[in-house]
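The values are calculated or read from the model by the stated rules, or taken from the named source; none is laboratory data. The structure displayed is predicted, hence computed values, not measured ones. In this analysis, Cβ positions are derived from the backbone assuming ideal geometry, glycine residues included, and neighbour counts consider all displayed protein chains.
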Amino acid sequence: MDSLINNRLTFSDGHHHIENGPKMTIRSLNVWYDFGLKHALKDVSLDIADREVTALIGPSGCGKSTFLKCLNRINEVIPGIRISGRIELDGESIYRTEVEVCKLRRRFGWVAQQPNPFPISIFENVAYGARLHGIVNSRAETEEFVEKCLREANLWDEVKDQLRQVGTRLSGGQQQRLCIARALSTEPDVILMDEPCSALDPNATAKVEELIDELRFNHAVVIVTHNMQQAARVSQNVAYFHLGELVEFGDTEVVMVTPKSQRCSDYITGRFG
């Protein structure tokens, strides 16, 4: 089995930042939908490392996206949901009574499955969040900050002469990188990505993957993906979910090459899922 997996996957050569400790700590996380009728996550516990990419893998409906949306408390807006357990960001519970949810969510950048830029200019897509949160004030500050975000998203050279163009007129891959620049505009600590390449062609996917590898040097990144090769290429840690349970979690190469559970092995090798 080892040779089969190694023939299919090329692993990220990124270094671990163990000395920084976890950015987020999740313990005994449970989520129920439909007023308790559907138990979507079952006693999930893991750490999200700072300045590393954690990939969430597993078959559709296994709880990956539910877990992702718990990290920034987006799930709370769903009627009939119930959440228990503990989630910490930088050692403090995100459910503390004094936490302002809007300010908490600013610490998370979100990148959705489908590119979804606002139907406004490229410039305003990035400037809007920065203005809203008081990160920039003057016009000069805004222009400098927009350029910074677009450069971090590896998009500046492609759009610097068309900043007044509507963002939705860009190609699919450019739109997704614009969404990443928009996510960076609130200066987040953690970047959450829900299958960010599933709607992109291979060339655009390669650019986003390269960008993810660059982003992790300043952020913790959590990505949901159904692509085993992508998980191997971009992540340092991987978590395998099945039917709401966290079956296996650890160093990406260790989990991919020598999984401890048969369920994880079958999924990675394509015999299941």
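Checking I120, I135 one by one, the residue that is closer than 14 Å to L184 by Cβ, surrounded by fewer than 17 Cβ atoms within 10 Å (Cβ to Cβ) and hydrophobic (A, V, I, L, M, F, W, C) is I135 and no other.
Only residues that are under 19 Å from the mean Cα position of the chain (by Cα), surrounded by 16 or more Cβ atoms within 10 Å (Cβ to Cβ) and outside any loop (DSSP other than H, G, I, E, B) were counted in the range 84-103, giving 3.
Residue-wise test of (1) among the β-branched types (V, I, T); (2) touching a residue at least 40 places away in the same chain (Cβ under 8 Å).
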position	(1), (2)
V136	yes, no
A140	no, no
C149	no, no
K160	no, no
L170	no, yes
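Specify which of the listed residues (T168, T186) is under 24 Å from R131 (Cβ atoms), hydroxyl-bearing (S, T, Y) and not in a helix (DSSP H, G or I).
Numbers: T168 fails: not in a helix (DSSP H, G or I).
Of T168, T186, the one residue that is under 24 Å from R131 (Cβ atoms), hydroxyl-bearing (S, T, Y) and not in a helix (DSSP H, G or I) is T186.
Condition check: of a type in the set (D, E, K, R), exposed (fewer than 15 other Cβ atoms within 10 Å of the Cβ) and out of contact with any helix residue (DSSP H, G or I) (no Cβ under 7 Å at 6 or more places or on another chain). Does E143 satisfy that? Considered against the rule, which asks whether it is of a type in the set (D, E, K, R), exposed (fewer than 15 other Cβ atoms within 10 Å of the Cβ) and out of contact with any helix residue (DSSP H, G or I) (no Cβ under 7 Å at 6 or more places or on another chain), E143 comes out as yes.
Kindly check whether there is at least one residue in the range 65-83 that is closer than 27 Å to L200 by Cα, outside any loop (DSSP other than H, G, I, E, B) and among the acidic types (D, E). No, the range 65-83 contains no residue that is closer than 27 Å to L200 by Cα, outside any loop (DSSP other than H, G, I, E, B) and among the acidic types (D, E).
Yes or no: the range 179-199 includes at least one residue that is out of contact with any strand residue (DSSP E or B) (no Cβ under 6 Å at 6 or more places or on another chain) and under 21 Å from S12 (Cα atoms). So far as the range 179-199 goes, yes, one or more of its residues are out of contact with any strand residue (DSSP E or B) (no Cβ under 6 Å at 6 or more places or on another chain) and under 21 Å from S12 (Cα atoms). For the range 211-224, the condition of being crowded, with 17+ Cβ neighbours inside 10 Å, free of Cβ contacts under 8 Å to residues at least 60 places away in the same chain and not aromatic (F, W, Y) holds for at least one residue. For the range 186-210, a residue qualifies if it is closer than 14 Å to N154 by Cα and in contact (Cβ under 8 Å) with a residue 40 or more places away in the chain, and the qualifying residues are K207, E210. Taking residues in the range 91-117 that are without any contact (Cβ under 8 Å) to a residue 12 or more places away in the chain, and partners anywhere that are of a type in the set (S, T, N, Q) and not in a helix (DSSP H, G or I), the pairs with Cβ atoms closer than 8 Å and at least 6 places apart or on different chains are V99/S93. Go through the residues of the range 33-42 one by one and say whether even a single one is among the charged types (D, E, K, R), at pLDDT 95 or above and either within 30 Å of T269 (Cβ to Cβ) or in a loop (DSSP other than H, G, I, E, B) (or both). Yes - at least one qualifying residue is present in the range 33-42.
Can you tell me which residue is surrounded by the fewest Cβ atoms within 10 Å (Cβ to Cβ) among those in the range 233-272 that are in a strand (DSSP E or B) and among the aromatic types (F, W, Y)? Checked the range 233-272; the qualifying residue surrounded by the fewest Cβ atoms within 10 Å (Cβ to Cβ) is F249. Is it fair to say F123 is in a loop (DSSP other than H, G, I, E, B) and either in contact with a helix residue (DSSP H, G or I) (Cβ under 6 Å, 6 or more places away or on another chain) or over 20 Å from N30 (Cα atoms) (or both)? No. Is it the case that some residue within the range 195-205 is assigned to a helix (DSSP H, G or I) and under 28 Å from N72 (Cα atoms)? Yes, the range 195-205 has at least one match. The residues listed here are I26, I5, I48; of these, the one that is modelled with pLDDT under 95 and surrounded by 13 or more Cβ atoms within 10 Å (Cβ to Cβ) is I5.
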